Amino acid sequence: MFGITFFDDAHHGDLYPLTLTRPAADLRTGILSIAEKWARLLGAGEVSYQTVTHLSALFPERAATTWFINGRLLPDANLLKAMETLEQGAVLCLPDGTELLRKAGSTSQEKTYEHPVVMIRRPQDLFLHNAEQIKADFAWITRDRESAPLDASNKVIGAHPVFLEPGAKASCSIFNTTEGPVYLDADCEVMEGSLIRGPFSLGAHSQLKMGTRIYTGTSIGPHCKVGGEINNSVILGYSNKAHEGFLGNSVIGTWCNLGADSNNSNLKNNYDEVKLWHYGTQRFEKTGLQFCGLIMGDHSKCGINTMFNTGTVVGVACNVFGAGFPRNFIPDFAWGGPAGFVTHKPEQALTTVRRVFERRKKHLSEEEALMLRSVFEMTKALRNWEE
């Protein structure tokens, strides 16, 4: 057994608001987070992080490390093969100088890696790569393993498999695996009448409510309750979209809640290219995408019937409500909606976090509370109503 340290490079901020509260390697695309992919593929005994200051107490660095891996880098067969030949101290870089990984050692030998790689460069990359990542994760997670039985009340269409971990259950639902497999993690549940198109992944202890419609390329992390209609989206975990409403081409952080009948647009009425807010440049940037929906940071909530416009970014610890479309960028710790915003004070936000945690039998640590207070201060300039 050995250790992996995931390092955040200068592009960590390009993934805000999702990485305001986590290292890049803690992001999910496919079945697993980036850190989980590498740790399982390499058989690592311990994982640690080299990350930004306000996250370091929650994601500490430990001493025993064999590999240092860029937290935005997704593993593939060519990378794993290249790692087998690296000597101690060797550094693997892209031709543009981006460091991919290095093997612990006193010497420093830089090698250029000529193969294409997949790196998460913007939040939307999580759903753009999600379908292929589900397929890749599924292939080695289920290799030489037998699925738990799928209840005979379900119908499966297509050649790809449906794989159930122990305790997973599904009733009276339709699984279309024509385009990819379906993975149901431990103790999750697919309730009656759900319609699911693979590739799809449902996390441990998560639940699809009755009549849920899931389209290709969707991943739902652990401990989520989901209903309505979802297309090519990633929910990182511990978040709820339990009722009707559409979520498409989106990424939802942890500890979020989407109120009943909330919807997001993922296509502009004029079919134009979608722009997304970028924290670093503090402006809306072209994505090159025609379909792009909602990016929502951790601990954010929206009230019933909330309508999010195409390409909306919601920061950390926001509470959004009210009739009409809110603006396309909602700064962190915002409270309000189309009628305007006030500041969601840290103590108010932390009180809600504690209540939500208690429902899941979790405790808000001092380190996590301090991290959220730090995010509040870091994003103060974005809340222009405070000026």
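No lab work stands behind these numbers, since they all come straight from the coordinates. On a predicted model such as this, the values are computed, not experimentally measured, just so you know. Glycine gets a Cβ as well: all are built from the backbone with ideal geometry, and neighbour counts include every protein chain shown.
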query: So which residue, out of Tyr16, Tyr49, Tyr215, gets the largest mean-square fluctuation from a GNM of the chain using Cα contacts under 10 Å as springs?
result: Tyr215
task: Give me the distance in nm between label points sitting 7 Å out from Cα along the Cα-to-Cβ direction at Ser108 and Leu267, one decimal.
output: 5.1 nm
field: Efficiency of FRET between His243 and Val52 - r from beta-carbon atoms, R0 25 angstrom, step 0.05
entry: 0.10
- prompt: Over the stretch 3-112, how many percent of alpha carbon pairs lie in each 5 Å bin up to the one with the longest distance?
  reply: 2, 12, 23, 26, 21, 12, 4, 0
- line: Neighbours of Ser206 by Cβ distance under 13 Å: Lys/Arg at +1, Asp/Glu at -1, summed charge +2
- line: With the label point 7 Å along the Cα-to-beta-carbon line of Thr142 and a cut-off under 20 Å to each amide N, the hits in the stretch 235-256 are 235
- prompt: What length, rounded to one decimal in nm, is gained on full extension from Thr351 through to Trp385, with 0.36 nm per residue of separation minus their alpha-carbon distance?
  reply: 9.9 nm
query: Roughly what % antiparallel, to the nearest 5, for the DSSP beta bridges in the chain?
result: 20 percent
task: Per DSSP H run of at least 4 residues, take -39500 (n - 2.57); add these up for the chain, divide by its residues and hand me the 222 nm value, nearest 500 deg cm²/dmol.
output: -4500 deg cm²/dmol
- request: Would you look at the GNM of the chain, springs on alpha carbons closer than 10 Å, and say which of Pro222, Pro161, Pro95 moves the most?
  value: Pro95
- request: Pop out the ³J(HN,Hα) list for the stretch 21-38 in order, Karplus 6.51 cos²θ - 1.76 cosθ + 1.60 with θ = phi - 60°, rounded to Hz; leave Gly and Pro as x.
  value: 10, 6, x, 4, 5, 8, 6, 10, 8, x, 7, 10, 6, 4, 4, 5, 4, 5
task: Just rank Thr379, Thr51, Thr66, fewest to most, by other beta-carbon atoms within 10 angstrom.
output: Thr66, Thr379, Thr51
message: Based only on other Cβ atoms within 10 Å, what is the fewest-to-most ordering of Cys172, Cys318?
response: Cys172, Cys318
query: Amide H to amide H, which residues 5 or more places from Lys111 or on other chains are under 5 Å from it, using H placed in the peptide plane?
result: Val91, Leu92, Cys93
The stretch 154-201 and the stretch 269-295: distance between their alpha carbon centers, rounded to Å: 32 Å
query: Taking other Cβ within 10 Å of each residue's Cβ, how do Ile304, Ile134, Ile4 sort, fewest first?
result: Ile304, Ile4, Ile134
- prompt: Taking the alpha-carbon centroid of each part, what is the distance from the stretch 50-87 to the stretch 345-370 in angstrom?
  reply: 29 Å
query: What list of ³J(HN,Hα) values in whole Hz, one per residue of the stretch 267-283 in order, does the Karplus curve 6.51 cos²θ - 1.76 cosθ + 1.60 (θ = phi - 60°) give from phi, with Gly and Pro shown as x?
result: 8, 6, 4, 9, 6, 7, 5, 8, 10, 10, 5, 10, 5, x, 7, 6, 7
- line: Once the in-chain neighbours fewer than 8 apart are removed, the lysines whose Cα is under 23 Å from Lys103 read Lys37, Lys81, Lys111
task: Output ³J(HN,Hα) for the stretch 214-224: one whole-Hz value per residue in order, computed from phi by the Karplus curve 6.51 cos²θ - 1.76 cosθ + 1.60 with θ = phi - 60°, and x for Gly and Pro.
output: 10, 9, 3, x, 10, 10, 10, x, x, 6, 10
